[in-house]
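S.K.: Here it is, the structure, as structure tokens.
Here, each number is a calculation from the coordinates, and none is a lab measurement. These numbers come from a predicted model, not from an experiment. Note: ideal-geometry Cβ built from the backbone for every residue, glycine included; neighbour counts use all protein chains shown.
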Amino acid sequence: MSLSSRHLLGLYGVPKDDIQLILDTATTFREVLERPIKKVPTLQGKTIVNLFYENSTRTRISFELAQKRLSADTINFTTSTSSTKKGETFKDTVRNIEAMKVDMIVVRHQSAGVPQFLTRITKANIINAGDGLHEHPTQALLDMYSIREKFGELKGLNVCIVGDIAHSRVAMSNIFGLKTMGANVSVCGPSTMIPMGIESLGVKVINNIDKAIAENDVLNVLRIQLERDAGRRIPSTREYHNYFGITSERIEKNNKNIVILHPGPINRGVELSSEVADGPYQIILDQVTNGVAIRMAVLYLLGTMVN
């Protein structure tokens, strides 16, 4: 079996069979990560460039580790030491990289649409590692994998995405992916952080965090993105925590069976209390481990489609 596209630009419109194949393939690679020797020769001879124009810890390290676990040759591009500092355009940078005969490009960029643009100027297979406020497909895939690992399936589960929906590419990819897989999706947060018309995507809007905890099996809690001026949409982070922060008291009162996800990095004392971030309800570090398996699966499946 193979994916229906040789690129992964987002989860909007991606067929259910593709998502299912990625999740199932990740299960195999998850087992590899538990072996004493965590390496397979699957992508030996393939060259992959990590083209990151935005800061990243988990995503970048996860992709790089996944590539090395698959025995691919990895090149890390850093803007601070590149010719972009000399005025070279993004298009020229990419074409020069392609001229070195790379097979795949993993791109993270502050502007939405950059991965799609790359498909028009290069023959390499493109993986979107986050573009502006558009999508972050591999994060949503690892979130879905982690939920499935916990519950056994996604269909019929009630999943609420909590927080700064307006600034979140993770939220968009999760909505598209979860809906495709049959989950019931809702969003919760201050009205200033909920995009107008989001109900048209088939999601329910909840304005009360206690109600969100009580009605759902899973909360995927998003970071308040202060670097994207999200702080201007709330009076203060303290007030946000008072009204929408996930605390042990709220969980004990409303739903002791809730499962908490967070894509990281966590603003402790804002989205989550430290007790919840380190407590028994969360599977945050499982997400990190599963992120390597999901990215191995995506790289492998797209790597087999390289010309």
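S.K.: If you fit an axis through the alpha-carbon atoms of helix 284-303 and take the longest principal axis of the Cα set of the chain, what angle between them do you get, 0 to 90°, nearest 10?
M.R.: In the chain, helix 284-303 runs at an angle near 30 degrees to the longest axis.
S.K.: Grab the beta carbon distance between Val288 and Ala99, set R0 = 35 Å, and tell me the FRET efficiency rounded to 0.05.
M.R.: That pair, Val288 with Ala99, gives E of 0.50.
S.K.: Another one. Nearest 10 degrees, 0 to 90: what angle lies between the long axis of helix 58-69 and the longest principal axis of the chain (Cα atoms)?
M.R.: Tilt relative to the chain: about 40 degrees.
S.K.: Provide the FRET efficiency to the nearest 0.05 for the Thr84-Asp17 pair, computing r from the beta carbons and using R0 = 41 Å.
M.R.: Result of the calculation: an efficiency of 0.60.
S.K.: Moving to a separate point now. Given Cβ point charges of +1 (Lys, Arg) and -1 (Asp, Glu) and nothing else, what value in debye, to the nearest 20, does the dipole of the chain about its Cα centre take?
M.R.: Details: 36 positive and 31 negative charges, 147 e Å.
For this selection, approximately 700 debye.
S.K.: Quick one: of the DSSP bridges fully inside the chain, what percent are antiparallel, nearest 5? List each step's numbers first, then the result.
M.R.: Numbers: 1 of 36 bridges.
Bridges in the chain that DSSP calls antiparallel: roughly 5 percent.
S.K.: I need the trypsin sites (Lys or Arg not before Pro) found in region 206-307, filtered to DSSP loop residues with at most 15 other beta carbons within 10 Å of theirs. Write down the numbers at each step before the final one.
M.R.: Details: sites: Lys211, Arg223, Arg228, Arg232, Arg233, Arg238, Arg250, Lys253, Lys256, Arg268, Arg295; in loops: Arg223, Lys256.
Hits after loop and neighbour filter: Lys256.
S.K.: Rounded to the nearest 10 degrees, what's the angle between the helix 137-151 long axis and the longest principal axis of the chain, both from Cα atoms, 0 to 90?
M.R.: So the inclination is approximately 50 degrees.
S.K.: List the residues of region 83-121 whose backbone N lies under 17 Å from a point placed 7 Å from the Cα of Leu201 along the Cα-to-Cβ direction.
M.R.: Inside the label zone: 112-113.
S.K.: Okay, next question. Taking every DSSP beta bridge with both residues inside region 138-283, roughly what % is antiparallel (nearest 5)? Before the final figure, lay out each step's value.
M.R.: On the way: 0 of 18 bridges.
Of the beta bridges lying entirely in region 138-283, close to 0 percent run antiparallel.
S.K.: Fully extended, how many nm does the chain gain between Asp73 and Thr119 (0.36 nm per residue separation, minus their Cα-Cα distance)? Walk me through the intermediate numbers first.
M.R.: Working: separation 46, 0.36 × 46 = 16.56 nm, distance 2.11 nm.
Between Asp73 and Thr119, full extension yields 14.5 nm more.
S.K.: Can you put Thr180, Thr119 in order, fewest other beta carbons within 10 Å first?
M.R.: Details: Thr180 20, Thr119 16.
Fewest to most other Cβ atoms nearby, the residues stand as Thr119, Thr180.
S.K.: Compute the distance in nm between two label points, each set 7 Å from the Cα along the Cα-to-Cβ direction, one at Thr28 and one at Glu252.
M.R.: 4.6 nm
S.K.: Here's something else I'd like to know. Step through the table entries Lys68/Lys123; Lys155/Lys179; Lys39/Lys68; Lys179/Lys211; Lys179/Lys253, compare each Cα-Cα distance with 18 Å, and write down the pairs that go over it. Mind dumping the intermediate values first?
M.R.: Numbers: Lys68/Lys123 22 Å; Lys155/Lys179 9 Å; Lys39/Lys68 7 Å; Lys179/Lys211 21 Å; Lys179/Lys253 28 Å.
Check vs 18 Å cut-off fails for Lys68/Lys123; Lys179/Lys211; Lys179/Lys253.
S.K.: Where the only charges are on Cβ atoms (+1 Lys, Arg; -1 Asp, Glu), what is the dipole of region 138-283 about its Cα centre, to the nearest 20 debye? Before the final figure, lay out the partial values.
M.R.: On the way: 16 positive and 16 negative charges, 46 e Å.
For this selection, approximately 220 debye.
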